Structure formats: C-alpha cells, structure tokens
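The block underneath contains the structure these notes are about, expressed in structure tokens.
The values are calculated or read from the model by the stated rules, or taken from the named source; none is laboratory data. Note that the coordinates shown come from a computational prediction; the quantities given were computed from them, not determined experimentally. All Cβ positions, even for glycine, are placed from backbone atoms using ideal geometry, and neighbour counts span all protein chains on display.
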Amino acid sequence: MIYEDENNTREKLFEFRKTNICAVCKGGLDVFLDADLGKAFLACRNDRSHQGILRIYEPTPFEEKGYEAFNIPTRREMMSEELGTGKATKLVKYVGVVSLTREQAMEILSTIWPDAPEVEVLKAAMICHQYGLNPLMKHVFLIPFKRRKGGQVVGEDWVAVLGIKANRLIAHRAGDYSYLDDTPRIMTAQEQERIFGEVDDSKVWAITKLRDSKGNEAPGYGPWPLDEVPYGAEKGNTKTNMAFIRSERNALDRLFAGEMPQGVEVIDEEYASGQILEGEAVGEPPKGGGKSGEQAENESGEGKPGTAVLSPPEARTEATPAAQKPKRDLNTIKTFGDLYQACLDDFNMDRQAVWDELGVSSQIDIVETPRECYQRIAAARQ
Ligand SMILES: [Zn+2]
C-alpha cells in the first residue's frame, strides 16, 4: 500500500488507481482512508497486504498507426503543417506503412531531411526496414549537429536517432510489458549507493523497473548531467525527463535483450517536432562499438554549461581503454546468453564467474548491456 505524502499526494493516489493495477494479483486498486492517521492510502482491492503497483504498456493509436490514426482531411492538414505541403503530398502514400522497404524508407528520410548525408540516410533506412519503423510516425529522426574545433564551427554531423515511443513499440511487438512501482522515477542517494557503490552528484539518475508477461523483471538506470540543458528545454523538456527515457531504454534493453536496436541514441520525440533539432553537439551519441573514454571526455570538455545537448557521453560504465580492440565482433553480443557463451569461449569463464567479475549475484543486478559487460571483462584481460 502507498500512503499519501509530499511525493504521493491524494490526487496522485487517485491517478494511480486509474492507471495502475496490483502487481501481485493484477486486481484493481482503491484509495482507502486510514482513520487513525487521517491519511489516505492506495491498496489492492482484493488484499490490502499486496505490495506493488504496475502499469501495463499500451500504445496509443498514433504510436501504432501514425497519421493513419486520423481521418484523411486531418491527416493531410497535420502533415502539411509539419512537413510542408510539397513533402506531405509526396509522402502521403507511406502513411501507416509499417513494413517499409529500405528504398521506401530512404525516399521518406531524404524527402524530410534533404541535407542529410546518404550514409546516415541509409543507416536510418536500415533501422526502419529491420524494425518495422516509419519516420512519418516519428519513430526515427535524422539530426544535424554543429561540429566544433577549438570553439569554431567547422562543419555539420548528422546522426540517426530513435524516439522513445519507437523503442516502446519495438519492445511491445516482442511481448507485453509493464512499468512497476510508478517508475520511471528519480533514484535516491541511498539507491545509488546500494546499486553503484557511490553517489554521483554530477548527474540526475533515474530508474525504471519493467516486468514482462512471463514475470521476468529488469531494472534500468539512466543519467543526465546536471550542468547540461537538454534539447527542447524551451518547449518543456527537462533533465529529469531525459534521465527517465534513458533509464527506460536501459530497462527495455535488458528485458528484451537482443530485440532492441543497438548503438542508436534515444530521444524524446515530443520535443523533436519540426524536422530539425538544433542541438549543439557536445559529445556524440554513443556509436556502435563505444568510443574511448578519453575522447568522449575531451569532447564534453568543449561544451559550456547551458548549451543544448542531445547526448552527453553515456556514463556509469567503466571507460573502455582506447587501445582495447577485442577480436570478437561486439555486435554479436546481444543477449546475456551471448555474453555467457562469449566469456566461456574467450576467457573460459562460466556464468557464475562472469557475475563474480561484474560484482553481482544474479543477472538482474547487472547494470550494463551484455556488450558493455563483455567489453569490461575483456578490458581487464588486456
Ligand atoms: Zn492484489
């Protein structure tokens, strides 16, 4: 049961009652009044001793169908407003298409973002094709960054990024899942101490706890630097929101290991309206193999507090030494099963030895992705 307090106001308890169910029996929740304390509390309708609440993920019509969720006049109006009439007319045939070919995805991407270099268009198109995503549904974005050298803008780099809703949709296609205990939420200092072994005062950290339909649970952790303003701040985006979506993505990666696209940064599409995010890049989004800690640090050093940042270097994983180049193709390590097999093959380590090395007692305690775990174990053996 959850008692009302400063964090959980009575209004919030009533909100939980509408949006959540009991995590134990999946029964409904009710708000009761504790006459002795004079306080309201939220509890399971079937058994008040049941602990925990959960919210089942259900995509909204737009998340599933994009513009197709609207009638044709509304659809045309929205598309014209967001893309311009010319582009909208050209692309209207692709509205609602969930399995685009690579060529179709390229046509959409290069129509919306005509200045994007072909290599990034191709990369984004492959993601669309492989994962059943459509840029017209705000799943995938191409974003330009100013490249700086010694404070001067010397060029532009483009990156393909995924919206958080696209991540949810990909996971949902792999199976139903729920958010436990009103997560995402901010991690407390005690929680950081317990899970990471230290408290990070330089970032806001969020936690998301997910559970799939088979009862498997996965926590995810996500940071955002306190001294860096996220893109879309003028429209209401916050550091907390960015930490939330990163923690959510981390949890999805772990619950649906092997199902989620790797090496693509997640953004909040709510704040990416229009076609271009004018963020000054301070530190690139992590690319496939992960970059060296030193390089990432130098780049973030160039940024000044207050600059809009799409993606500061991902923290909380030990920096990989620059020279480290494991022979194994890291892209093959997608699931924890892959990790255990790779560690067995390469280092003669069984599963327990992997856990010991990572300092955890079971898989659910692992904070990093399987690939990051492998990199850490491999780095210790160079
Ligand atoms: Zn219950």
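Overview of results
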| item | result |
| --- | --- |
| Flag if residue 8 is away from the ligand (no atom under 16 Å from the Cβ), in a loop (DSSP other than H, G, I, E, B) and touching a strand residue (DSSP E or B) at 6+ places or on another chain (Cβ under 9 Å) | yes |
| Cβ-Cβ under 6 Å pairs, at least 6 apart or on other chains, region 240-264 side in contact (Cβ under 8 Å) with a residue 60 or more places away in the chain and closer than 20 Å to residue 124 by Cβ, far side among the small types (Gly, Ala, Ser) and part of a helix (DSSP H, G or I) | 252/171; 259/174 |
| Count of region 220-238 residues which are of a type outside the set (Asp, Glu) and surrounded by fewer than 21 Cβ atoms within 10 Å (Cβ to Cβ) | 7 |
| Residue 75 away from the ligand (no atom under 16 Å from the Cβ), in contact with a helix residue (DSSP H, G or I) (Cβ under 8 Å, 6 or more places away or on another chain) and of a type outside the set (Asp, Glu) | yes |
| Test: residue in region 6-16 that is loosely packed, with under 13 Cβ neighbours inside 10 Å and either closer than 30 Å to residue 174 by Cβ or of a type in the set (Val, Ile, Thr) (or both) | yes |
| Filtered residue count, region 39-77, keeping only those that are buried (at least 16 other Cβ atoms within 10 Å of the Cβ) and free of Cβ contacts under 8 Å to residues at least 60 places away in the same chain | 11 |
| Among the candidates 194, 168, residue that is free of Cβ contacts under 8 Å to residues at least 12 places away in the same chain and surrounded by fewer than 20 Cβ atoms within 10 Å (Cβ to Cβ) | 194 |
| Top-ranked residue of region 321-366 - restricted to ones that are modelled with pLDDT under 85 and of a type in the set (Gly, Ala, Ser), ranked as surrounded by the most Cβ atoms within 10 Å (Cβ to Cβ) | 337 |
| Strands (runs of 3 or more DSSP E) wholly inside region 25-70 containing at least 2 residues that are within 16 Å of the ligand (Cβ to nearest atom), over 30 Å from residue 163 (Cβ atoms) and in contact with a His (Cβ under 8 Å, 6 or more places away or on another chain) | 39-44 |
| Where residue 92 falls short, out of the listed (1) away from the ligand (no atom under 16 Å from the Cβ); (2) within 30 Å of residue 188 (Cβ to Cβ) | (2) |
| Complete set of residues in region 160-186 that are on the phi > 0 side of the Ramachandran plot and in contact with a Gly (Cβ under 7 Å, 6 or more places away or on another chain) | 181 |
